[in-house]
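Okay, structure first, notes after.
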Amino acid sequence: MTFFRDTWIIFSRAMTLSLRQPLWVLIGLLQPILYLTLFGPLLQTVAASSGFQGDAWQVFVPGLLVQLGIFGGLFVGFGIIAEWRSGVIDRQLVSPAARSAIIVGRTLRDVVVIVTQGVVLCGAAYLMGLRVPIGAFLLGLVLVGLLGAAFSFISNAIGIATKSEDALAPMVNTLALPILLLSGILLPMTLAPAWLQMVANFNPFKHIVEALRAVFRGDFADPIVAIGLVLAVILVVLGAWVGSRVLTAQTK
Amino acid sequence: MGSAIVIKQGPGHAHSTLATPFLPLRRRAAATSNTGEVTMAEHPLIIEAKGLKRSFKARGAKGKTIDAVRGIDLTVREGEIVGFLGPNGAGKTTTLKMLCTLLAPTDGSASVVGADLRRDPVEVRRRIGYVSQAGSTSPEARAGQEIVSHARLYGIDTKTATARGKDLLAALDLSEIWDRTCGSLSGGQRRRLDIVMGLIHQPRLVFLDEPSTGLDPQSRANLWNHIRKLRDELGTTVFLTTHYMDEADSLSDRILIIDNGTIVAEGTPAELKKRVSGDTITLTMRTPTDAEAASGIAAALNGADKPVIDAHVVRFHVPDGATALPVLLGDLTKAGIDAIGVDVNRPTLDDVFLTLTGRSLRD
């Protein structure tokens with residue numbers, strides 16, 4: 001099946017390029033680390049209030065991991081636009097490589113980068129005082145990977161469809177902010193008034209954050225955990241489908 | 001068989017020609033027969049396109065359809081360099097992209113290197129090379145890595161790809177760039193690297209989209225030599241698009257002229273120029289009155305067409321400028337008027353285009 005071989009070739013190339021430019025990987029990590037070290041300590045005081053189930057780190061770090069997954073994936077579209085401009089995308093489209101491999105190989109690279117950043121983030125969180133079962137960390141990384149994949153697909157799809165940074169940037173920023181605010185990433189939505197909680201319930205990422213929070217508390221049996229995982233998987237499948245369709249449409 | 005070619009094989013081989021042992025014997029035989037001459041008509045068709053059409057829906061509320069390509073029939077024989085010439089917006093790149101499978105035709109059919117374009121595009125992709133106008137490499141990537149990665153997409157293993165890539169680089173005067181980043185190369189080097197990438201899987205047909213755009217004159221001439229080498233030494237068929245007359249003229253065995261989505265003429269450069277009514281003579285006179293008088297004298301020349309007057313400059317065509325000129329100057333002196341400048345030009349492809357479409361190739 002050439003799809004797997006082609007995906008691996010595209011992934012290797014993308015991975016080699018990322019490894020040659022570790023600066024971008026570090027910058028992507030900077031945001032959650034800054035939040036962790038500069039905002040996190042403030043939460044320790046707030047944690048005493050009701051609405052925080054578990055200590056400050058158990059509540060905050062899941063949000064940071066979800067934020068890493070979403071934002072890490074959301075901005076990769078700029079990379080594919082640059083590659084399209086350099087003629088790389090056309091070059092790969094003219095080769096016999098499977099069309100979907102061109103997108104999936106890149107997303108796989110993004111997932112590796114994001115999960116690596118997730119590991120570093122968890123390490124830093126551990127240093128700041130986070131204590132959770134190892135299974136929780138691993139599940140957290142799985143979720144980060146799934147979210148990263150979903151948003152990488154979507155960002156690449158928008159990037160290839162618009163071929164313009166000027167179109168991608170406002171779209172990405174418009175998506176990012178409401179997701180961030182309505183997911184309870186910074187503070188749990190249980191602190192919000194009823195109307196805001198209701199609005200937030202339509203945001204699938206809020207449930208994913210809640211799922212990860214339950215896992216960090218040790219509540220593996222809580223139904224929200226299953227719901228969150230299923231939502232993440234659905235988002236990945238949806239993103240992959242959209243990404244492939246957009247790429248195939250390039251030649252129509 | 002014609003000349004036997006003995007090649008020394010080895011990595012870092014500085015003098016390798018393009019005809020390395022990778023080339024199957026069959027193709028080298030086609031390049032030189034026992035008589036030393038091969039007529040193009042004996043070569044099989046490598047592209048056969050009928051009625052290719054491509055329409056775009058314009059963005060906006062009107063939803064108007066733009067017919068970029070309006071039914072193109074074309075044939076290309078193996079081993080020739082075909083130039084696809086036309087002004088910007090004529091449909092060259094659109095046609096090229098259709099033949100490369102980058103764009104699906106709205107209508108029509110084509111057979112490219114023996115594979116059906118619309119029913120089996122993946123097989124077409126295996127058999128053709130394509131060098132885009134935009135380039136093909138990421139600036140931060142290493143040249144060698146890009147070459148090997150691209151070759152693997154065609155099923156070529158890393159070792160073969162490395163050896164073949166280095167040979168091709170050497171043949172295109174790029175011996176030392178394997179470890180350099182693509183962005184650090186000059187424009188001409190990068191373009192030749194793109195060509196190496198397009199040839200790494202030894203396609204019988206390679207498409208070049210505006211290959212010398214943006215290159216300085218020296219790099220252009222250098223590139224043309226390499227393109228000729230492809231045909232001569234490898235037997236590769238080259239299909240190139242261009243809006244430069246000199247490129248089409250000096251490089252192509254055959255030219256297809258496209259305007260407004262259809263082919264308006266085809267033939268060898270010499271055949272096409274024959275269609276234009278001879279040489280152009282440009283007379284620069286002292287005054288517009290002199291120009292009027294000169295115009296009358298020019299019109300009386302054997303085989304001259306109606307002269308065009310532009311202030312004190314008179315321009316007209318004659319079948320043979322070399323024999324007409326002495327007669328013309330003699331007649332002018334007899335009439336008591338003198339030209340202060342005279343110019344005789346052989347027909348150019350721009351003249352051909354002008355004759356065919358009433359417009360100049362130059363934008």
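Roll a 1.4 angstrom probe over the protein heavy atoms and tell me the percent of accessible area of region B:206-353 that is carbon or sulfur. Intermediate values should be presented prior to the final figure.
Working: 3410 of 6460 Å².
Whole-percent figure for carbon plus sulfur exposure: 53.
Can you figure out the FRET efficiency of B:D157 with B:D179, using R₀ = 22 Å and their beta-carbon distance, to the nearest 0.05? Mind dumping the intermediate values first?
Values: r = 20 Å, r/R0 = 0.93.
So, using R0 = 22 Å, E works out to roughly 0.60.
Under the definition of partner shielding as Cβ atoms of other protein chains within 10 Å of a residue Cβ, what is the mean value for peptide B:130-138?
On the way: counts 6, 3, 7, 2, 8, 6, 8, 5, 10.
For this peptide, the per-residue mean of nearby foreign Cβ atoms is 6.
Could you derive backbone 3J(HN,Hα) for region B:299-311 from the dihedral phi with the Karplus parameters 6.51, -1.76 and 1.60 (θ = phi - 60°), listing whole Hz in sequence and x where the residue is Gly or Pro?
Running phi through 6.51 cos²θ - 1.76 cosθ + 1.60 with θ = phi - 60° gives 4, 7, 5, 4, x, 6, 9, 5, x, 10, 9, 10, 6 Hz.
Regarding the protein assembly as shown, what's the average projected area of the Cα-atom convex hull, expressed in nm²?
37.3 nm²
Could you work out how far the C-alpha centroid of region B:129-180 sits from that of region B:295-363, in angstrom?
Between the Cα centre of region B:129-180 and that of region B:295-363, the gap is 51 Å.
Which lysines, if any, have their Cα less than 28 Å from the Cα of B:K159, not counting same-chain residues under 8 positions apart?
Leaving aside lysines fewer than 8 places away in the same chain, those within reach of B:K159 are B:K8, B:K229.
Residue by residue through region B:257-274, what is 3J(HN,Hα) from phi via Karplus (6.51 cos²θ - 1.76 cosθ + 1.60, θ = phi - 60°)? Round to whole Hz and write x for glycine and proline.
Each residue's phi maps through the Karplus curve to give 9, 10, 9, 6, x, 9, 7, 9, 6, 8, x, 6, x, 5, 4, 5, 5, 4 Hz.
Each label point is 7 Å from the Cα along the Cα-to-Cβ direction; what then is the distance between the points at A:T116 and B:T287, in nm?
8.3 nm
If you take every residue apart from B:T287 with its C-beta less than 15 Å away from the C-beta of B:T287, what net charge results, scoring Lys and Arg +1 and Asp and Glu -1? Numbers along the way, then the final one.
Numbers: positive: B:R286; negative: B:D290, B:E292, B:D310, B:D338.
Within the 15 Å Cβ shell, the charges total -3.
Quick one: angle between helix A:99-128 and the longest Cα principal axis of chain A, in degrees between 0 and 90, rounded to 10, please.
Approximately 30 degrees, to the nearest 10.
Of B:K273/B:K306; A:K163/B:K166; B:K53/B:K273, which ones are farther than 22 Å apart at the Cα? Walk me through the numbers on the way to the answer.
Numbers: B:K273/B:K306 19 Å; A:K163/B:K166 33 Å; B:K53/B:K273 28 Å.
A:K163/B:K166; B:K53/B:K273, as the Cα separations exceed 22 Å there.
Would you list, by chain and number, the lysines whose Cα falls below 16 Å from the Cα of A:K206, excluding same-chain residues fewer than 8 positions away?
Correct list for A:K206: empty, as no lysines qualify.
To the nearest 500 deg cm²/dmol, what mean residue ellipticity at 222 nm is calculated for chain B from DSSP H runs of n ≥ 4 alone, each contributing -39,500 (n - 2.57), summed and divided by the residues? Intermediate values should be presented prior to the final figure.
Working: 12 runs with 120 residues, N = 363.
Mean residue ellipticity, 222 nm, calculated: -9500 deg cm²/dmol.
In Å², rounded to the nearest 100, what is the total accessible surface buried by chains B and A against each other with a 1.4 Å probe? Numbers along the way, then the final one.
Working: alone 17880 and 11960 Å², together 27390 Å².
Answer for the B-A pair: about 2400 Å² buried.
Enter the accessible area of A:R99 (Å², nearest 10), with the probe set to 1.4 Å and all protein chains included.
Rounded to the nearest 10, that gives 40 Å².
Over all residues in B:196-205, what is the mean tally of Cβ atoms on other chains that come within 10 Å of each residue's Cβ? Could you put the intermediate results ahead of the total?
Values: counts 0, 3, 2, 0, 0, 2, 0, 0, 0, 0.
Mean shielding by partner chains, rounded to a whole number: 1.
Just to verify a number: FRET efficiency for B:R228 and B:V308, C-beta to C-beta distance, R0 = 30 Å, to 0.05? Don't jump to the answer; show the numbers that get you there.
Details: r = 37 Å, r/R0 = 1.25.
That pair, B:R228 with B:V308, gives E of 0.20.
Find the relative contact order for chain B and round it to a whole percent, using C-alpha pairs within less than 8 Å whose residues are 6+ positions apart. Working shown, then result.
On the way: 683 pairs, mean separation 64.7, N = 363.
Here the relative contact order equals 18 percent.
Roughly how tilted is helix B:143-152, in degrees to the nearest 10 and between 0 and 90, from the longest Cα axis of chain B?
Its long axis makes an angle of about 70 degrees.
Would you mind giving the mean number of other chain beta-carbons within 10 Å of the Cβ of each residue in B:98-104, as a whole number? Don't skip to the answer; put the middle values down first.
Working: counts 1, 0, 4, 4, 5, 3, 2.
Other-chain Cβ atoms within 10 Å of each residue's Cβ, averaged: 3.
On a 0 to 90° scale, report how tilted helix A:223-249 is relative to the longest principal axis of chain A, with both axes built from alpha carbons and the result rounded to the nearest 10.
20 degrees
So what's Rg/Rh here for region B:256-305, counting alpha carbon atoms and using the Kirkwood radius for Rh?
1.20
The values are calculated or read from the model by the stated rules, or taken from the named source; none is laboratory data. Computed from a predicted structure; not experimentally measured. Please note: Cβ atoms are built from the backbone with ideal geometry, for glycine as well, and neighbour counts cover all protein chains shown. Areas reflect the complete protein model, heavy atoms only, side chains present, ligands, DNA and RNA absent. Shrake-Rupley method; radii C 1.70, N 1.55, O 1.52, S 1.80 Å.
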